[in-house]
């Protein structure tokens, strides 16, 4: 092994430190969760505790492997505001905080209507702080004195890069990640960033030659290890740190290397199901504005039409409730006769959204509809807790899981269509749902004009981050790494289930009620 690459991969729930060899094979990994700190009633990331754990993990790696580069991948919607001392000047707020309708009214009155902002910045009107401009606006309101001392506003990956190198920067995937802060038409900081008074605080470097977004690339070198970082970790002061990357965009890189920049849609499943279609040109289709569809910017600086929903969270929440009701922990397998019966009868529907405004049906409230009667998630949860009355379908373990999986497929289909699904375009599913045979059988059967494939990448965001570091170390283009690793694309068997299509019409009609 000529060298090793360390990766810090920060999910909203799970934090990971990993090390890869020079052929992009993972050698070691550590995982940790951190509880939020509550500051003035607001949940915030415990940055100090996270940094202590990251440096400890890197110290272990440095003692065992010849680490020459560090790459950072993080979840979206998070910025850190620094003071003159280079430390956070105010809390790094959780994007899940819900400030209420009055706050949204103030935001859009000041910065422009949701659809106008969506058209220019590629960003939909998420609730909570999933638009980072809202998080910064809330911080200005909640901590006005502290905000006066802010000297820099850093995207989350670049905050960690700053802690490791003392250097500041920004790159395309994070600024283009539903922030409201980047104008995707003009390729510059947006009017929202200027109106917030932070345009001069976001360190946008001149783009290197070849950048298509006007921003740095994820594989550009931010800097080398500071004396303090080197001492804490045992890494050499010559260890490079790349610019950092948004995790969902990082997950695209292995497929870009193998398949090219276009021609597929990635269905990346987890807590968030993120459906990403790398397209040739930025621009919304008629009817898109006002929907939860948006544009990321890829690591190449090109547009990625994207739609999301909390599929993993919905599956986990509902499945725990079903399992608790039945006192079981197993997951029922694929039963074609059962699914076809439910689809044909069109009398049972499980509908989104557990967190209203987070997915493709923002006006819908989580519920089960049985024979025309609606049972809210809240009422079902209370009934399970207090041994009350639930929908009769809930009393059958296999049926309850079946309508849950059908619901996730219905949401996936809508998200795929909103990203511009075309006949003949392959769909790759990876992440947690790739292990769910029922979900994949139904989805592949619904995609009768598209190839449906499962990949064998377990942690694509971390692998993608490692690839950016290898590009920086080797000077190779992304396609030059294609021979360094293998991806298995396993085509899914399609079944002839015509009932799927009429059921979907009925399901969509119930959502709209």
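The values are calculated or read from the model by the stated rules, or taken from the named source; none is laboratory data. Only a predicted model underlies this, so the values are computations on that prediction, with no experimental measurement involved. Cβ coordinates were reconstructed from backbone atoms using ideal geometry, including for glycine residues, and neighbour counts include every protein chain displayed.
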Do we have any residue at all in region 253-270 that's crowded, with 18+ Cβ neighbours inside 10 Å, over 19 Å from residue 450 (Cα atoms) and modelled with pLDDT under 95?
-> yes
Looking across region 191-211 at residues that are outside any helix (DSSP H, G or I) and surrounded by fewer than 17 Cβ atoms within 10 Å (Cβ to Cβ), the single one that is modelled with the highest pLDDT is 197
What residue, of 458, 462, 466, 477, is under 24 Å from the mean Cα position of the chain (by Cα), more than 23 Å from residue 402 (Cβ to Cβ) and free of Cβ contacts under 8 Å to residues at least 12 places away in the same chain?
-> 458
Would you point out which residue out of 338, 343 is surrounded by fewer than 19 Cβ atoms within 10 Å (Cβ to Cβ), at negative phi and in a helix (DSSP H, G or I)?
-> 338
Confirm whether residue 107 is part of a loop (DSSP other than H, G, I, E, B), within 14 Å of residue 180 (Cβ to Cβ) and touching a residue at least 24 places away in the same chain (Cβ under 8 Å).
-> no
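Scanning for something farther than 24 Å from residue 323 by Cβ and within 22 Å of the chain's Cα centre (by Cα), does region 385-408 turn up at least one residue? Steps first, please.
So in region 385-408, the residues farther than 24 Å from residue 323 by Cβ come out as none.
Checking region 385-408: not a single residue is farther than 24 Å from residue 323 by Cβ and within 22 Å of the chain's Cα centre (by Cα).
Quick one: is residue 334 closer than 19 Å to residue 429 by Cβ and outside the structural domain of residue 113 (by TED's automatic domain parsing)? Full working, then the answer.
On the way: closer than 19 Å to residue 429 by Cβ: yes; outside the structural domain of residue 113 (by TED's automatic domain parsing): yes.
Yes; evaluated as a whole, the condition is true for this residue.
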In region 212-220, is there at least one residue being free of Cβ contacts under 8 Å to residues at least 24 places away in the same chain, closer than 30 Å to residue 456 by Cβ and part of a loop (DSSP other than H, G, I, E, B)?
-> no
Hey, among 124, 88, 132, which residue is under 22 Å from residue 246 (Cα atoms), in contact (Cβ under 8 Å) with a residue 60 or more places away in the chain and touching a strand residue (DSSP E or B) at 6+ places or on another chain (Cβ under 9 Å)?
-> 124
Out of curiosity, is residue 274 in contact (Cβ under 8 Å) with a residue 12 or more places away in the chain and assigned to a helix (DSSP H, G or I)?
-> no
Is there any pair linking a residue in region 310-335 that is more than 30 Å from residue 126 (Cα to Cα) to one that is surrounded by fewer than 14 Cβ atoms within 10 Å (Cβ to Cβ) and at pLDDT below 95, with Cβ under 7 Å and at least six apart or on different chains, and which?
-> 323/329
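What about residue 236, is it in contact (Cβ under 8 Å) with a residue 24 or more places away in the chain, in contact with a helix residue (DSSP H, G or I) (Cβ under 9 Å, 6 or more places away or on another chain) and under 22 Å from residue 178 (Cβ atoms)? Quick ask: steps written out before the conclusion?
Values: in contact (Cβ under 8 Å) with a residue 24 or more places away in the chain: yes; in contact with a helix residue (DSSP H, G or I) (Cβ under 9 Å, 6 or more places away or on another chain): yes; under 22 Å from residue 178 (Cβ atoms): no.
No: the conditions fail for residue 236.
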Residue by residue through region 110-157, note down the ones that are more than 30 Å from residue 50 (Cα to Cα) and either assigned to a helix (DSSP H, G or I) or assigned by TED's automatic domain parsing to the domain that holds residue 290 (or both).
-> 110, 111, 114, 115, 116, 117, 118, 119, 120, 121
Please tell me if residue 279 is within 20 Å of the chain's Cα centre (by Cα) and surrounded by 22 or more Cβ atoms within 10 Å (Cβ to Cβ).
-> no
Scan (1) part of a helix (DSSP H, G or I); (2) surrounded by fewer than 20 Cβ atoms within 10 Å (Cβ to Cβ); (3) modelled with pLDDT of 95 or more for the single condition residue 384 breaks and write down its number.
-> (3)
Is it the case that some residue within region 394-415 is within 30 Å of residue 288 (Cβ to Cβ), in contact (Cβ under 8 Å) with a residue 12 or more places away in the chain and assigned to a loop (DSSP other than H, G, I, E, B)?
-> no
Filtering region 277-289 for residues that are in contact with a strand residue (DSSP E or B) (Cβ under 9 Å, 6 or more places away or on another chain), free of Cβ contacts under 8 Å to residues at least 60 places away in the same chain and in a loop (DSSP other than H, G, I, E, B) leaves a count of 3
